[in-house]
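Engineer: I have a structure I would like to understand better, so I am pasting it below and will then ask my questions one at a time.
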Amino acid sequence: MEDKYIVEGMTCTACVARVEKAAKSVSGVKDVSVSLLTNSMTVISDEKINKKDIEKAVSKAGYKAFQETEKNKNRISDNETRKLLKILIASVILLIPLFYISMGYMLMESIPNWPLGIFRTKPIITGITLMVLALGIMIINKRFYISGIKAVINKGPNMDTLVALGSGIAFIYSIVLFVLMIINHNDSERVMSLSMNLSFETAGMIPALITIGKTLESYSKGKTTNAIKSLLNLAPKKATLLIEGKEKEVDAETIKEGDILIVKRGESFAVDGIVISGESYVNESMLTGESIPVFKEKDSTVSSGTINENAPLIIKATRVGSETTLNKIVEMVKESSSTKTKLTRIADKISGIFVPVVLTVALIVFTIWIFVSKYNISYSLERAIAVIVVSCPCALGLATPVAIMVGNGKSAKYGILFKNAEALEETGKVNIVVLDKTGTITEGIPEITDIIPYEITEKELIKIAASLERLSEHPLSKAIANKTLDYYETKDFNAIKGVGIKGLVNDKECISGNINIFNNTNLLTGDIKNKGEELSKEGKTPLFFIYDNKYIGLIALRDKIKEDSKEAIRLFNKYGLETIMLTGDNKITSEAIGMEVGVKKVISGVLPETKRDVIIELKKRGKVMMIGDGINDSIALTEADVSLAIGRGSDIAIDSANVVLMKSSLLDAVAAYSISRYTYLNILENLFWAFIYNLIMIPLAAMSKMLPWMGAAAMSLSSFTVCMNALRINLFNPYKERNYKNKNININSEENMSKQERTLMVEGMKCMHCVAHTEAALKKVKGVKKVTVSLEDKTAVVLSNDKVTNEELIQAVESEGFKVTEIK
């Protein structure tokens, strides 16, 4: 069972680790994923678990968690930025005089003309003023201290702990010095010496400067969620119901499935529905990226968030609330942004121990400087505090999530939906692209090109063929069935897996299929086979028809190639990717289409269940992307490293894929590859910056005269820099041709030739020893990959490359004393 929670109070990745640990401690919880960027938590647990126990565990860790509901699930606001801005303004008002007085006081010997007034000669008054100003800033920014102390109590120190310690130690040390100043008020030289070591400016500047960084970070993080905000704003808050012919305006969230609505010109659809009256053009660009409006008429489907551009449409609501297309897209983008990649998990592990390590380093630095500076406590504390406040776990924790969020949002604008963060990270790493033919490279709507009857009329051939084909769901069958409305009665219909169909048409047996179904019969003459081969070379699919045990003709069909398929495959080839077309169609037709579109390899005659075996073989040579649209692609899609489903495809294919392309364009697959590469590069840049920043700044703070407030300023800008770098993804055009370089994979090796599955009918096998001998003989044939022999069915199913001939298989079986009666 999966539940989602909203978590409040997290400030860095140490908090994320703490929340995850707390939730995982609850009995029955199997897995937890926490996102700092979206302040969300996903928990996978047993059904019997008490959800309140999870909330209590998180609360005990010092944070607040509450279950996500329909009302709060899409709450993405700028309240946090506005709240921080108010705190920042109040802090800056006190920071300016604090900085002015403290800097002027410390530099009055170097800059004697610095106008300080009474503060130049009255160190105790100066100390009181600085203390009040610093205390004021600390009170305004009290959340750092509350959160930091809570984190220590709960044994999970975080970034707030570093801020609270750095500022708090400086303040307490300055209080001690100030008390000594009062005690020694008669010794002006001693008082002046003590006053020069006051660190009230450090105590005040640290939280103020961190708040500046946090405000900038919050603003830039808000920008990364703009894609989700814009998607949420697509759906109207109101809709017009039609009740007994009268219009009634209602809240969109109250609409129920089956309600009748009227959507006027210029209005957006509040729910998914089906048109029951009217004709109009609908702008779907906000969901699919397709700029051309789509014509809608009776029985057309419409999606929430799209805009009616011409005339009123009356629709029936089919999917409402969280089930609408728009909400599912929003949920997918959010889900993808809240999941974790391999890099995120590594960064989180480092961040989880980052704060304790920094505190240990600060203690070591303090100890070393105490001895080096001959017990100069003030200077040693300054070095230790600088180390504490300059270190930044936030940049490390945000490096991946912000890039993933922006990348997902950018993709969603083009109708490219990554289901999880790992899909976005891995898509750009593939080096083999496997494409299904029908519905992916082609339109998936075949058209009849040739009707060649034999000894009967064309009309009679169509009638017999359509009578049989209308019972099949195959696209080729549908094209033939739609050719006429005049049918014979058909019964005892059966599909012959991978090769054709058969049934009784007008009480006579009728068989339809490709040439393989008739290979071992005398029903087709040489001329008929030659004609079929000729049509296949033109990229057409010939179907032969046998009626009452006589050949009656063939019907050839061709599936139109999509307009952008050639360009998409050209780009994949240019980028160094190996393009492979995987299809169940016959070899000659497939290779004709493969040559036309420009793929580097064609694997034909593959059954749905053996597509998976091909993918497994290819994965041995590189990372594989599979692009498909049909039910028969689902197994292969699941097996591939990265899988893309064409949005117009079957629900099973879409469920099996990592990435969904809302349009049926292969150029979107290229765009998905490009944006994945760019996002991954952005993540690496962010991580490089986060690591290098800490590797340089921590030693620098420990060894140099870097003042603590300078460290706080640097730390506050580091997270902001990471967020701003991620926002550069919004400027990236994924459709622009690039010059990517990839290492080519040798897909034309012996092991990776086109796969073909054949079933041999074997006579003479009597026991399991016979089975073993038959299997061993077939496996010895060069190019055979897999053999499955069945004693019960008297069959041997052979998977081999297309170089293996039928004669080689027959010879192998007969060498063991058995006879092959038929090869299917």
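Engineer: What pairs come up if the first residue lies in segment 311-322 and is under 15 Å from I274 (Cβ atoms) and open to solvent by 40 Å² or more (accessible area, probe 1.4 Å), the second is modelled with pLDDT of 90 or more and of a type in the set (G, A, S), and their beta carbons are under 7 Å apart, counting only those six or more places apart or on different chains?
Structural biologist: Listed pairs, sorted by first residue: I314/S277; I314/G278; K316/G258; K316/G273; T318/G273.
Engineer: Can you pull out the residues in segment 457-489 that are farther than 20 Å from V499 by Cα and among the small types (G, A, S)?
Structural biologist: Result: no residue meets the conditions.
Engineer: Name the residue that is nearest to V132 (Cα to Cα), counting only residues in segment 172-193 that are open to solvent by 70 Å² or more (accessible area, probe 1.4 Å) and modelled with pLDDT under 85.
Structural biologist: H185
Engineer: Which ones in segment 676-703 are among the hydroxyl-bearing types (S, T, Y) and under 30 Å from N431 (Cβ atoms)? Working first, answer last.
Structural biologist: We begin by selecting, within segment 676-703, every residue among the hydroxyl-bearing types (S, T, Y); these are 676, 678-680, 693.
Correct list: S676, Y678, T679, Y680.
Engineer: Continuing with this model, one more query. What is the residue count in segment 18-54 for residues that are touching an Asp or Glu at 6+ places or on another chain (Cβ under 6 Å) and closer than 17 Å to L396 by Cα?
Structural biologist: Residues in segment 18-54 being touching an Asp or Glu at 6+ places or on another chain (Cβ under 6 Å) and closer than 17 Å to L396 by Cα: 1 in total.
Engineer: Related question: Scanning segment 468-488 for residues that are out of contact with any helix residue (DSSP H, G or I) (no Cβ under 7 Å at 6 or more places or on another chain) and part of a loop (DSSP other than H, G, I, E, B), which turns out most open to solvent (accessible area, probe 1.4 Å)? First the steps, then the outcome.
Structural biologist: Taking segment 468-488 as the starting set, the residues that turn out to be out of contact with any helix residue (DSSP H, G or I) (no Cβ under 7 Å at 6 or more places or on another chain) are 468, 471-474, 476, 478-479, 482, 485.
Applying the additional criterion that residues be part of a loop (DSSP other than H, G, I, E, B) yields 471-474, 482, 485.
Numbers: L471: 73, S472: 17, E473: 141, H474: 96, N482: 129, L485: 161 Å².
Taking the candidates together, the pick is L485.
Engineer: I'd like the full set of residues that are free of Cβ contacts under 8 Å to residues at least 24 places away in the same chain, surrounded by 13 or more Cβ atoms within 10 Å (Cβ to Cβ) and in a helix (DSSP H, G or I), limited to segment 777-809.
Structural biologist: Passing the criteria: only K779.
Engineer: Could you grab the pairs with beta carbons closer than 6 Å, sequence gap of 6+ or different chains, first residue in segment 258-286 and free of Cβ contacts under 8 Å to residues at least 24 places away in the same chain, second one of a type in the set (S, T, Y)?
Structural biologist: E284/T306; S285/S291
Engineer: Checking G539 against (1) touching a strand residue (DSSP E or B) at 6+ places or on another chain (Cβ under 8 Å); (2) surrounded by fewer than 22 Cβ atoms within 10 Å (Cβ to Cβ), which single condition isn't satisfied?
Structural biologist: Failed condition: (2).
Engineer: Follow-up. Regarding A384, is this residue more than 30 Å from A203 (Cα to Cα) and part of a helix (DSSP H, G or I)?
Structural biologist: So A384 fails the test.
Engineer: I675 passes all but one of (1) surrounded by 22 or more Cβ atoms within 10 Å (Cβ to Cβ); (2) among the hydrophobic types (A, V, I, L, M, F, W, C); (3) at pLDDT below 90; (4) closer than 21 Å to A399 by Cα; which number fails?
Structural biologist: Just one mismatch for I675, condition (3).
Engineer: Which of (1) part of a loop (DSSP other than H, G, I, E, B); (2) open to solvent by 50 Å² or more (accessible area, probe 1.4 Å) is the odd one out, the single condition G444 does not satisfy?
Structural biologist: (2)
Engineer: Still on this model: Could you list, in sequence order, all residues of segment 536-552 that are closer than 23 Å to R470 by Cβ and outside any loop (DSSP other than H, G, I, E, B)?
Structural biologist: Passing the criteria: T541, P542, L543, F544, F545, I546, Y547, K550, Y551, I552.
Engineer: Select from segment 553-567 the residues that are part of a strand (DSSP E or B) and open to solvent by 10 Å² or more (accessible area, probe 1.4 Å) and write down the one among them that is nearest to I441 (Cα to Cα).
Structural biologist: If we take residues in segment 553-567 being part of a strand (DSSP E or B) and open to solvent by 10 Å² or more (accessible area, probe 1.4 Å), then I561 is nearest to I441 (Cα to Cα).
Engineer: Another one. So A713 passes all but one of these: (1) open to solvent by 20 Å² or more (accessible area, probe 1.4 Å); (2) modelled with pLDDT of 85 or more; (3) of a type in the set (G, A, S); (4) in contact with a Leu (Cβ under 8 Å, 6 or more places away or on another chain). Which condition number does it fail?
Structural biologist: For A713, the exception is condition (2).
Conditions (1) within 26 Å of the chain's Cα centre (by Cα); (2) at pLDDT below 90; (3) farther than 24 Å from T427 by Cβ; (4) of a type in the set (K, R), marked per residue:
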| position | (1), (2), (3), (4) |
| --- | --- |
| A592 | no, yes, yes, no |
| M595 | no, yes, yes, no |
| G598 | no, no, no, no |
| G605 | no, yes, yes, no |
| R612 | yes, yes, no, yes |
| I616 | yes, yes, no, no |
| R621 | yes, yes, no, yes |
| M626 | yes, no, no, no |
| G630 | yes, yes, no, no |
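Engineer: How many residues, within segment 141-168, are surrounded by 21 or more Cβ atoms within 10 Å (Cβ to Cβ), of a type outside the set (S, T, N, Q) and in a helix (DSSP H, G or I)?
Structural biologist: Residues in segment 141-168 being surrounded by 21 or more Cβ atoms within 10 Å (Cβ to Cβ), of a type outside the set (S, T, N, Q) and in a helix (DSSP H, G or I): 10 in total.
Engineer: Okay, next question. Just checking, does segment 607-621 include any residue being buried (at least 20 other Cβ atoms within 10 Å of the Cβ) and outside any helix (DSSP H, G or I)?
Structural biologist: no
Engineer: Taking the condition of being open to solvent by 80 Å² or more (accessible area, probe 1.4 Å) and at pLDDT below 65, how many residues in segment 94-111 meet it?
Structural biologist: 2
Engineer: Which of the residues spanning segment 530-565 are charged (D, E, K, R) and more than 43 Å from the chain's Cα centre (by Cα)?
Structural biologist: Residues satisfying the conditions are K531, E533, E534, D548, K550.
Engineer: Just one of (1) surrounded by fewer than 16 Cβ atoms within 10 Å (Cβ to Cβ); (2) modelled with pLDDT under 80; (3) assigned to a helix (DSSP H, G or I) trips up F119, so point out which.
Structural biologist: (1)
Engineer: When the residues of segment 489-529 are narrowed to those that are among the polar types (S, T, N, Q) and at pLDDT 90 or above, which ends up surrounded by the fewest Cβ atoms within 10 Å (Cβ to Cβ)?
Structural biologist: Ranking the qualifying residues of segment 489-529, first place goes to N506.
The values are calculated or read from the model by the stated rules, or taken from the named source; none is laboratory data. Worth saying up front: this structure is predicted, and the values here are computed from it rather than measured. A quick note on method: Cβ atoms are made from the backbone with ideal geometry, for glycine too, and the neighbour counts reach across all protein chains shown. For the accessible areas, the whole protein counts, side chains as well, though only heavy atoms, and no ligand, DNA or RNA atoms are used. Shrake-Rupley method; radii C 1.70, N 1.55, O 1.52, S 1.80 Å.
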